[in-house]
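Engineer: Structure in structure tokens, see below.
The values are calculated or read from the model by the stated rules, or taken from the named source; none is laboratory data. Because the structure is a prediction, the values reported are computed rather than measured. Glycine also receives a Cβ, built like all others from the backbone with ideal geometry; neighbour counts cover every protein chain displayed. Only protein heavy atoms, including side chains, enter the accessible area calculation; ligands, DNA and RNA are left aside. Shrake-Rupley method; radii C 1.70, N 1.55, O 1.52, S 1.80 Å.
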Amino acid sequence: MTIFGDIVFTPRLRLRKIKEEDFSLLIEWSNSDTANGNYLSADKLTEDKIRDKYETGTLWSDKSKMFMIETKEGTPLGTIHYWLRSERTECAVVKVRISVPGQRGSGYGTEAQKYLIINLFDRLKVSDVEMYTDVNNKAQQRCLVKLGFELIESLTYDDHQVNRLGYLFRLHSSRYQSYPLYQYHYE
């Protein structure tokens, strides 16, 4: 992994800061059930909403960052976003969305999550990373287990006024430090 400015380079991907040129694609994805898949509700962003998030720093601040996930060749695939919990700022929550259905199942989400997690533990020095997933999202649950996360609890949560049943997964820094996937990765 290489970090250069606002970009995280992984073996196959670039995770980069959202730019104004991305607005139309983000709006398209956020209003498409297909782009959101079966386990996320559409955000229903408008030009005004995304511009406001961009201009107020909601998309990129010390406590929250949203990255565009794209191939090294520049093809956009989705987004990955983290934020630090307001009640526990040493804990980061991550949300990933591969918005191009034909690219799901190719390992891009796993790769993006892995390298963002490395960045969160090694650079931001968080103590925990948490992720929520729908109870039926078996692919994401397998991914989280592969990434060393442990199932913490089952819970219901509100996803844009859709009540969902899901799981909370957590990776603690001590497990991260000893987990082979993070210690022996090659680029």
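Engineer: In nm, give the distance between the simple-model label positions of TYR157 and ARG175, each being 7 Å from the Cα along the Cα-to-Cβ direction.
Structural biologist: Once both label points are built, they end up 1.6 nm from each other.
Engineer: Gap in Å between the Cα centre of region 126-174 and the Cα centre of region 43-121?
Structural biologist: Between the Cα centres of region 43-121 and region 126-174 lies a distance of 16 Å.
Engineer: Then there's this: If each residue of separation counts as 0.36 nm, what is the full-extension length gain between LYS125 and HIS81 once their alpha-carbon separation is subtracted?
Structural biologist: Between LYS125 and HIS81, full extension yields 14.1 nm more.
Engineer: Which length gain, in nm to one decimal place, applies between GLU90 and GLN183 when the Cα-Cα distance is subtracted from 0.36 nm times their residue separation? Don't skip to the answer; put the middle values down first.
Structural biologist: Values: separation 93, 0.36 × 93 = 33.48 nm, distance 2.14 nm.
Extra length from GLU90 to GLN183 when fully extended: 31.3 nm.
Engineer: So, one more: Report the full-extension gain for the segment ASP6 to LYS72: residue separation times 0.36 nm, less the Cα-Cα distance, to one decimal in nm. Could you put the intermediate results ahead of the total?
Structural biologist: Details: separation 66, 0.36 × 66 = 23.76 nm, distance 1.47 nm.
In short, 22.3 nm is gained.
Engineer: Given H placed 1.01 Å from N in the peptide plane, which residues other than close sequence neighbours of VAL135 have an amide H under 5 Å from its amide H?
Structural biologist: Here LEU165, GLY166, TYR167 satisfy the definition.
Engineer: Just want to confirm a number: the relative contact order over the chain, from Cα pairs under 8 angstrom separated by 6+ residues, in percent.
Structural biologist: Numbers: 303 pairs, mean separation 32.3, N = 187.
Relative contact order of the chain: 17 percent.
Engineer: Per residue, how large is the accessible surface of the chain? Use a 1.4 angstrom probe and give square angstrom. Could you put the intermediate results ahead of the total?
Structural biologist: Details: 9780 Å² over 187 residues.
Spelled out: the 1.4 Å probe surface of the chain, per residue, equals 52 Å².
Engineer: Next question, about the same structure. At R0 = 25 Å, how high is the FRET efficiency between GLU150 and ALA42 if r is their beta carbon distance? Nearest 0.05 is fine. If you can, show how the numbers build up before the last one.
Structural biologist: Working: r = 30 Å, r/R0 = 1.19.
Efficiency computed from Cβ-Cβ geometry: 0.25.
Engineer: What percent antiparallel are the DSSP beta bridges of the chain, to the nearest 5? Display every interim value, and only then the final one.
Structural biologist: Details: 42 of 45 bridges.
Among the beta bridges of the chain, antiparallel pairing accounts for roughly 95 percent.
Engineer: For the pair ALA139 and GLU20, how long in nm is the line joining their label points, each one 7 Å along Cα→Cβ?
Structural biologist: Distance between the two pseudo-spin positions: 3.5 nm.
Engineer: Another question, then. How would region 86-187 be classified by its alpha-carbon gyration tensor: rounded, prolate or oblate, with rounded meaning a/c under 1.5 and the a/b versus b/c comparison settling the rest? Mind dumping the intermediate values first?
Structural biologist: On the way: a/c = 1.78, a/b = 1.20, b/c = 1.48.
Taking the square roots of the gyration eigenvalues as a ≥ b ≥ c, region 86-187 is oblate.
Engineer: Let me ask something additional. Take peptides 66-79, 28-41 and line them up by average Cβ neighbours within 10 Å, highest first, as a rough protection proxy.
Structural biologist: Details: 66-79: 17.6, 28-41: 15.4.
Result, highest mean Cβ count within 10 Å first: 66-79, 28-41.
Engineer: Past 29 Å, Cα to Cα: identify those pairs from LYS53/LYS146; LYS19/LYS63; LYS49/LYS138; LYS17/LYS146; LYS19/LYS138; LYS72/LYS125, in the order given.
Structural biologist: Working: LYS53/LYS146 33 Å; LYS19/LYS63 18 Å; LYS49/LYS138 32 Å; LYS17/LYS146 26 Å; LYS19/LYS138 32 Å; LYS72/LYS125 27 Å.
Going by Cα-Cα distance, LYS53/LYS146; LYS49/LYS138; LYS19/LYS138 fall outside the 29 Å limit.
Engineer: Karplus couplings for region 64-77 from phi (6.51 cos²θ - 1.76 cosθ + 1.60, θ = phi - 60°), rounded to Hz, Gly and Pro as x?
Structural biologist: Running phi through 6.51 cos²θ - 1.76 cosθ + 1.60 with θ = phi - 60° gives 7, 9, 10, 10, 7, 9, 9, 5, 4, 7, x, 7, x, 10 Hz.
Engineer: Can you give me the relative contact order of region 48-118 as a percent, contacts being Cα pairs under 8 Å and 6 or more apart?
Structural biologist: Numbers: 80 pairs, mean separation 13.8, N = 71.
After rounding, I find 19 percent.
Engineer: In whole percent, what relative contact order does region 1-81 give with Cα contacts below 8 Å and a gap of six or more residues? Don't jump to the answer; show the numbers that get you there.
Structural biologist: Values: 103 pairs, mean separation 23.2, N = 81.
Relative CO of region 1-81 lands at 29 percent.
Engineer: So what J values fall out for region 173-183 if you push phi through Karplus, 6.51 cos²θ - 1.76 cosθ + 1.60 with θ = phi - 60°, rounded to Hz, Gly and Pro as x?
Structural biologist: 4, 5, 5, 4, 5, 9, 7, x, 4, 8, 8
Engineer: Whenever you get a sec, compute what percent of the accessible area on region 11-93 sits on carbon and sulfur atoms (1.4 Å probe).
Structural biologist: On region 11-93, the fraction of accessible area on carbon and sulfur atoms equals 47 percent.
Engineer: Considering the chain, what Rg and Dmax in Å follow from its alpha-carbon atoms?
Structural biologist: In Å, with Rg to one decimal and Dmax whole: 15.7, 45.
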